[in-house]
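Colleague: The structure that follows is given in the form of structure tokens.
The values are calculated or read from the model by the stated rules, or taken from the named source; none is laboratory data. Model, not experiment: these values are computed from the prediction. Using ideal geometry, Cβ is built from the backbone for each residue, glycine included, and neighbour counts are taken over all protein chains shown.
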Amino acid sequence: MNATLLHVPPGSLIDGWQVSKPLGDGGFAFVFLGEKNGRHRAIKVAQHRESSGDPKQTHERTLRELTALLMLDHPHIVRPQGYGVAESGNLYLALDYVDGWTLAEWAERKHPTVREVLGVFEKIAGALSYMHGRGILHRDLKLSNVLIRKSDGEPVIIDFSCATYTLAEDLTDGGLPPGTDRYRAPEQFKFLREHRDEHRARYAFQVADEIFAVGVMLHELLTDPRPTEFRPRFDLNSPALPPPPPRLVNARVPAALSDLVENILARDPKGRPVDTEALRRELADLRAERSAEYDVPVHPPAEQRHGRPTPAALEMPSTPQSPKRHVALMERPPRAARWLAGLACIGALVMAAALWHSSGSAPGGPAGSRDAAAPRPPPATTHSAPPKPPPPAMTPASPSSVAIPGPAIAAAPKEGSALKTSAPAASPPGRAPRMPKKSVAAVECASLSLVAALAAGCPGAQIRPESFTCPVGAEEAMREQLHWRDGDRFHLQFDDRQAGFAEVWFTAGAEVVGVVPKGISSPRQLAVAPVGTRFYGKAYYLSDKMGRADGPALIIRYDRVKLPGQEEYPICFVHEGTAVAFKDGKVKAVNRGSGTVVDRWP
């Protein structure tokens with residue numbers, strides 16, 4: 001099918017269904033709201049994208065989705081209402097139209113209590129138990145694939161594009177089944193590492209993988225007040241660091257629920273609930289708790305409307321921990337201690353950045369030195385040593401220092417803080433004089449890491465890329481494993497979640513996932529970065545006022561790569577291209593082009 005289906009205008013017909021509006025799109029289909037004979041349905045038209053990594057199986061996946069749905073009949077699972085062939089020759093499914101919010105949107109708009117969240121996840125687990133009892137696995141559970149119907153508040157699981165069932169034919173060429181990497185269980189990546197030389201090795205997706213995805217969804221809703229925002233987040237399936245206990249991030253989460261989420265996200269599948277029915281029962285038991293702490297909103301509504309939350313897994317509790325929590329921390333010292341130590345290290349790094357901005361030079365060592373020896377931190381806090389000279393937008397207005405209360409990467413300053421002061425005030429002896437609001441904000445922004453500055457809404461802090469050297473092990477990996485050379489240029493689609501060859505918006509400072517599309521003719525690239533290769537990095541903006549002579553630019557720094565069927569490697573790969581526009585922290589540019597293998601930038 002032509003990519004023009006992306007822009008099907010209202011009133012167009014798809015096999016007699018009149019299109020009202022687009023509802024969404026994914027790697028294998030586009031979805032529209034269709035009307036025929038007074039009936040409204042979600043019309044899901046099969047569509048292959050170069051970024052899907054599955055070039056020959058689009059229609060087969062649509063038929064598999066239909067087969068799986070025909071075997072199911074559950075109030076919390078979307079139902080098929082028909083199928084056919086569009087004018088383009090592509091298959092389509094007619095599905096129930098669910099007028100609702102995604103789980104993330106529901107959490108932000110309805111401000112649910114802990115008990116209400118548990119009620120929704122209890123029903124999701126019940127639907128999964130029913131599904132698994134019929135030998136069907138969804139394999140792409142995530143916040144956007146569960147809708148909360150507006151009319152009655154009931155959850156509905158949608159999008160079975162990646163689903164499979166007992167004895168179904170294998171449609172995937174790679175080692176892992178289709179799905180969303182953030183929601184994959186850690187054992188999937190372990191499988192890739194252990195079988196990287198076995199081209200025919202295929203991971204057998206299990207119920208335990210589905211349970212882990214439910215844990216990621218639940219963890220995100222409990223810890224992130226604004227889950228719809230597109231910004232860097234900590235990988236909950238990171239092999240290096242287990243997820244933070246939800247109660248450590250959000251003090252409103254009851255201790256028993258925090259413990260359950262930790263079990264669901266256990267690195268060892270044997271530590272998770274044995275099946276989705278057991279998970280449903282645990283959720284039901286917690287929902288039945290009589291404690292008043294289950295009847296308060298998971299996040300303060302005002303914070304969800306107007307707050308600038310710190311990214312999930314980095315925000316410390318906004319209220320003092322109860323004695324019960326202290327006991328819980330003592331009962332689980334290894335996991336909590338690792339997280340507290342990690343947060344302390346991050347705080348130390350941020351304070352070092354504050355000192356650097358105050359003095360105008362990098363702490364510890366000569367100018368221009370970089371810290372390349374430390375292990376790679378969680379993605380949500382990854383940033384390079386500050387460049388010299390410092391970015392103009394982040395330079396403090398004066399050398400006066402500001403004490404930042406609590407962890408250096410905590411949420412934005414609260415009302416009533418020094419930021420509310422409009423004029424300098426007398427200070428006790430030995431303290432720096434209080435500065436006006438704008439000066440304090442400038443210094444606080446200057447002292448924050450990129451991610452924390454994004455969360456605090458610091459103007460300009462998120463748009464300028466810092467100088468950087470290769471991640472630890474990147475030079476060896478590019479030379480020995482990938483056989484890349486300094487200066488190699490590869491063609492790719494910069495963000496596979498958006499249309500290729502189109503002008504699209506990139507969120508400055510946010511993560512992007514690039515992909516090598518079909519149609520590459522360079523023998524060199526096909527040999528060392530073939531079709532389907534995925535690049536992981538972040539987008540930035542560089543204006544002519546920041547030293548860019550050729551006008552504003554989109555900068556994308558990729559620091560990880562994954563070739564089809566291989567494990568992930570650290571890299572240094574940069575795209576620098578012309579930006580069309582910049583507005584509200586977003587950069588508009590063409591979503592396709594080339595990048596270069598480098599050893600540092602600029």
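Colleague: Out of curiosity, is residue 293 assigned to a helix (DSSP H, G or I), among the charged types (D, E, K, R) and closer than 28 Å to residue 538 by Cα?
Modeller: no
Colleague: Would you confirm, using the coordinates I've provided, whether residue 138 is within 20 Å of the chain's Cα centre (by Cα), under 29 Å from residue 201 (Cα atoms) and in contact (Cβ under 8 Å) with a residue 60 or more places away in the chain?
Modeller: Criteria met by residue 138.
Colleague: Among the candidates 174, 179, which residue alone is small (Gly, Ala, Ser), assigned by TED's automatic domain parsing to the domain that holds residue 251 and under 14 Å from the mean Cα position of the chain (by Cα)?
Modeller: 179
Colleague: Go through segment 475-519 residue by residue and tally those that are out of contact with any Lys or Arg (no Cβ under 9 Å at 6 or more places or on another chain), over 24 Å from residue 229 (Cβ atoms) and crowded, with 18+ Cβ neighbours inside 10 Å.
Modeller: 4
Colleague: Residue 127: out of contact with any helix residue (DSSP H, G or I) (no Cβ under 6 Å at 6 or more places or on another chain), surrounded by 21 or more Cβ atoms within 10 Å (Cβ to Cβ) and under 26 Å from residue 39 (Cβ atoms), yes or no? Write out each step before concluding.
Modeller: Values: out of contact with any helix residue (DSSP H, G or I) (no Cβ under 6 Å at 6 or more places or on another chain): yes; surrounded by 21 or more Cβ atoms within 10 Å (Cβ to Cβ): yes; under 26 Å from residue 39 (Cβ atoms): yes.
So residue 127 passes the test.
Colleague: Here is a follow-up. Test residue 202 against the criterion of being more than 30 Å from residue 71 (Cβ to Cβ) and among the charged types (D, E, K, R), and give yes or no.
Modeller: no
Colleague: Any residue that is over 24 Å from residue 178 (Cβ atoms) and in contact with a Pro (Cβ under 9 Å, 6 or more places away or on another chain) - is there at least one of those in segment 79-98?
Modeller: no
Colleague: Inside segment 163-185, can you point out the residues that are modelled with pLDDT of 90 or more and crowded, with 20+ Cβ neighbours inside 10 Å?
Modeller: The answer is 163, 164, 183, 184, 185.
Colleague: So, one more: Taking only pairs six or more apart or across chains, which ones have beta-carbon atoms under 7 Å, a first residue in segment 1-29 that is surrounded by 14 or more Cβ atoms within 10 Å (Cβ to Cβ), and a second residue that is basic (Lys, Arg) and modelled with pLDDT under 75?
Modeller: The qualifying pairs are 27/49.
Colleague: If I filter segment 204-250 down to residues being among the hydrophobic types (A, V, I, L, M, F, W, C) and assigned to a loop (DSSP other than H, G, I, E, B), which single residue comes out as modelled with the lowest pLDDT? Steps first, please.
Modeller: Taking segment 204-250 first, the residues among the hydrophobic types (A, V, I, L, M, F, W, C) are 204-205, 207-208, 211-214, 216-218, 221-222, 230, 234, 236, 240-241, 248-249.
With assigned to a loop (DSSP other than H, G, I, E, B) added as a condition, the list becomes 204-205, 230, 234, 236, 240-241.
Working: 204: 90, 205: 93, 230: 78, 234: 80, 236: 93, 240: 74, 241: 80.
It comes out as 240.
Colleague: Among the candidates 72, 93, 143, single out the residue that is out of contact with any Leu (no Cβ under 7 Å at 6 or more places or on another chain) and aliphatic (A, V, I, L, M).
Modeller: So the residue among 72, 93, 143 that is out of contact with any Leu (no Cβ under 7 Å at 6 or more places or on another chain) and aliphatic (A, V, I, L, M) is 72.
Colleague: Okay, moving on. Only residues in segment 182-203 that are in the same structural domain as residue 233 (by TED's automatic domain parsing) count as the first member; pair them with residues that are hydrophobic (A, V, I, L, M, F, W, C), Cβ under 6 angstrom, at least 6 apart or cross-chain, and list the lot.
Modeller: 183/213; 183/216; 185/212; 188/176; 195/201; 203/176; 203/191
Colleague: Can you tell me which residue within segment 256-271, out of those that are touching a residue at least 12 places away in the same chain (Cβ under 8 Å) and outside any helix (DSSP H, G or I), is nearest to the chain's Cα centre (by Cα)?
Modeller: Initial filter on segment 256-271 (touching a residue at least 12 places away in the same chain (Cβ under 8 Å)): 256-262, 264-265, 267, 269.
With outside any helix (DSSP H, G or I) added as a condition, the list becomes 265, 267.
Numbers: 265: 17, 267: 19 Å.
Here the answer is 265.
Colleague: Please find, among 274, 253, the residue that is crowded, with 16+ Cβ neighbours inside 10 Å, assigned to a loop (DSSP other than H, G, I, E, B) and among the β-branched types (Val, Ile, Thr).
Modeller: The conditions single out 253.
Colleague: Could you check how many residues of segment 104-141 are β-branched (Val, Ile, Thr) and outside any strand (DSSP E or B)?
Modeller: Taking segment 104-141 first, the residues β-branched (Val, Ile, Thr) are 113-114, 117, 120, 124, 136.
Of the ones still in play, those that are also outside any strand (DSSP E or B) are 114, 117, 120, 124.
Total meeting the criteria: 4.
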